[in-house]
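Working notes for the structure below.
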Amino acid sequence: MGRKYFGTDGVRGRVGQMPVTPDFIMRLGYAAGATLVAREGLRANERPAVLIGKDTRISGYMLEAALEAGFSAAGVDVMLCGPMPTPAVAYLTRALRLQAGVVISASHNPYDDNGIKFFSAQGTKLPDAVELDIEARLEESMTCMDSARLGKARRVDDAAGRYIEFCKSTFPNDFDLRGLKIVVDSAHGAAYHVAPNVFHELGAEIVGVGDTPNGLNINLEVGATAPAALRRTVLETHADCGIALDGDGDRLVMVDSAGTLYDGDQLLYVIARHRARSQAVPGVAGTLMSNLGFEHALGRLGIALGRASVGDRYVLEMMQDKGWQLGGENSGHIICLDRHTTGDGIIAALQVLAALRSANETLAEASSDMTLYPQKLINVKMPAGFDWAADAGIKAAVQAAEATLDGKGRVLLRPSGTEPLLRVMVEGRESAVVLGQAEAIAGAVRQAFGA
């Protein structure tokens, strides 16, 4: 059975349009609450409890109230922590022994998008079976518990402090960050009041970027998806390095003192290389988009790269299936399962900094054994229901590209899980060839549906 509302990372869309409307989000809260009540097998007069966090989008106020109403109607207690990174909600859900966590965020998207993500009691993304159960209940009429069984709500006043201490606990006790000047770009997002404090309390001098959210500027020309501001500030302030998160704090890119940008593949390589010096690292989970140069560099260390479908939930599933501790995406989602149950930009940055401190290396030195191959990604808008995989013109363009690459690159076509797009990716050793073949395939896709 396919999912109608849940994509690869929860329910997401434009605010005011289905499914991100106040009435639907209230029904979603009710359906999720009813699913919790049914699955928990609670004793009489016992109510499950959920934690709701959000990023800094102005629509978060509206959607938070709608979710709270839906959960309450289903007989579920609600704990509110306000703006908080997505991985913080995962941690606090587990630490507070709650039945579920909910994040109101559209991650790296513009402010006028928003969405709902769910975490289990263990701080992991909900299993597909639970999401399907919630979707089935969305098709039913919304009712309301008797007044005596309605859920209550209260705020968690020390949420930020709890999470800051948790992040710091993942950094080695015998290291600190004294003597480092670090630019921290919080993307005007959920980590604005958390991330700078973590690195400052470990001893670093902090220069803040993207730390004044106003509800409308999340991810606007700042953060992991727009690292030019980070690079510029690192160079202007002569900082040792820069750290950029996205709007909900689960994505990371970094910049070194020379202004060179390091993506998720490179940062994950630095962590894996460091770990391999003291312990066995049998494999790292990546995705279909992980760079071929990353795979080859890991191979030289005797570490296998597994390729999961794109999406951190699928990376996590592979890690759990194989018993691996490290995984991530080149977009900057990095999961260290021995530190946290989900991807966390702050914790990933701390693991990179710990690796550099341990070996007394720079980012350039720690990643020098890895060379990224040129990779071109083109997003092509695609009508809903278009069967791109069966189109003869697209097949011919892909075959021509693969023949040109002659085994020294990759071609990947995949539909977006959150937008009406077909993503065309070509990777190889020569930039001009990669660009030409990517444009040829994208052109074939546009021609196929008459764009």
### Query
To the nearest 10 square angstrom, what accessible area does R429 show with a 1.4 Å probe?
140 Å²
### Task
Just need the relative contact order of the range 199-289 here, percent rounded to a whole number, with Cα pairs under 8 Å and 6+ apart.
16 percent
#### Entry: Heavy-atom accessible surface of the range 147-187: percent carbon and sulfur, 1.4 Å
44 percent
### Query
Considering only the other residues whose Cβ falls under 14 Å of the Cβ of V426, what net charge follows from Lys and Arg at +1 and Asp and Glu at -1?
+1
### Task
For each pair in K117/K395; K125/K395; K4/K381, compute the distance between the two Cα atoms and list the pairs where it is over 27 Å.
K117/K395; K125/K395
#### Entry: For the range 1-106: accessible area per residue (Å², 1.4 Å)
35 Å²
### Message
Using a 1.4 Å probe on the protein heavy atoms, what percent of the accessible area of the range 319-379 belongs to carbon and sulfur?
### Response
39 percent
### Query
Quick one, which of [x] 35, 29, 20; [y] 55, 28, 20; [z] 38, 25, 19 is the actual semi-axes √(5λ) of the Cα gyration tensor in Å calculated for this model?
[x]
### Summary
Computed over the chain, the relative contact order (Cα-Cα under 8 Å, seq sep at least six) in percent reads 12 percent
### Query
Quick one: putting +1 on the C-beta of Lys and Arg, -1 on the C-beta of Asp and Glu, what dipole do you get for the range 351-451 around its Cα centre, in Debye to the nearest 20?
220 debye
### Query
Can you give the helix-only mean residue ellipticity at 222 nm for the chain, where every DSSP H stretch with n ≥ 4 adds -39500 (n - 2.57) and the sum goes over all residues, rounded to the nearest 500 deg cm²/dmol?
-11500 deg cm²/dmol
#### Entry: Accessible-area order (highest first, 1.4 angstrom probe) of the listed residues M289, M142, M18
M18, M142, M289
## Note on the structure
Amide H neighbours of L51 at under 5 Å, excluding residues fewer than 5 places away on the same chain, with H built from the backbone geometry, are M79, A100, G101, V102
### Query
Given the Cα-Cα distance of L288 and C144 and 0.36 nm per residue of separation, how much length would full extension add, in nm?
47.4 nm
#### Entry: Vicinal HN-Hα couplings computed from phi for the range 337-342 (Karplus, 6.51 cos²θ - 1.76 cosθ + 1.60; Hz; Gly/Pro x)
5, 7, 10, 8, 8, 8
### Summary
The FRET efficiency for S368 and A389, from their Cβ-Cβ distance with R0 = 60 Å and rounded to 0.05, is 0.90
### Summary
Of every hundred units of 1.4 Å-probe accessible area on the range 52-140, the number belonging to carbon and sulfur atoms, as a percent, is 55 percent
### Summary
For the range 110-117, in residue order, the Karplus 3J(HN,Hα) values (coefficients 6.51, -1.76, 1.60; θ = phi - 60°; whole Hz; Gly and Pro = x) are x, 5, 8, 9, 7, x, 10, 10
### Query
G75's amide H: which non-local residues (gap 5+, or another chain) put their own amide H closer than 5 Å, with H modeled 1.01 Å from N in plane and none for Pro or chain starts?
M145, G151
### Message
Could you tell me the calculated FRET efficiency between T212 and N360, based on Cβ-Cβ distance and R0 = 35 angstrom, to the nearest 0.05?
### Response
0.50
### Query
If you roll a 1.4 Å probe over the heavy atoms of the protein chains, what accessible area per residue do you get for the range 135-282, in Å²?
45 Å²
### Message
Only sites in a loop by DSSP and with at most 15 other Cβ atoms within 10 Å count here; which trypsin sites (Lys or Arg not before Pro) in the range 134-220 make the cut?
### Response
K152, R178
### Message
I want the antiparallel fraction of DSSP beta bridges within the chain, as a percent rounded to 5.
### Response
55 percent
### Task
Per residue of the range 242-252, in order, report the coupling 6.51 cos²θ - 1.76 cosθ + 1.60 (Karplus, θ = phi - 60°) as ³J(HN,Hα) in whole Hz, putting x for Gly and Pro.
x, 10, 10, 9, 9, x, 10, x, 9, 10, 9
### Relative contact order of the range 300-444, defined on C-alpha pairs under 8 angstrom at six or more residues apart (%)
18 percent
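The values are calculated or read from the model by the stated rules, or taken from the named source; none is laboratory data. The structure presented is a predicted model; accordingly, all values stated were derived computationally and were not measured. Here Cβ is always computed from backbone atoms with ideal geometry, including for glycine, and neighbour counts include all displayed protein chains. Each accessible area value is taken on the protein alone, full model and side chains, heavy atoms only, with ligands, DNA and RNA left out. Shrake-Rupley method; radii C 1.70, N 1.55, O 1.52, S 1.80 Å.
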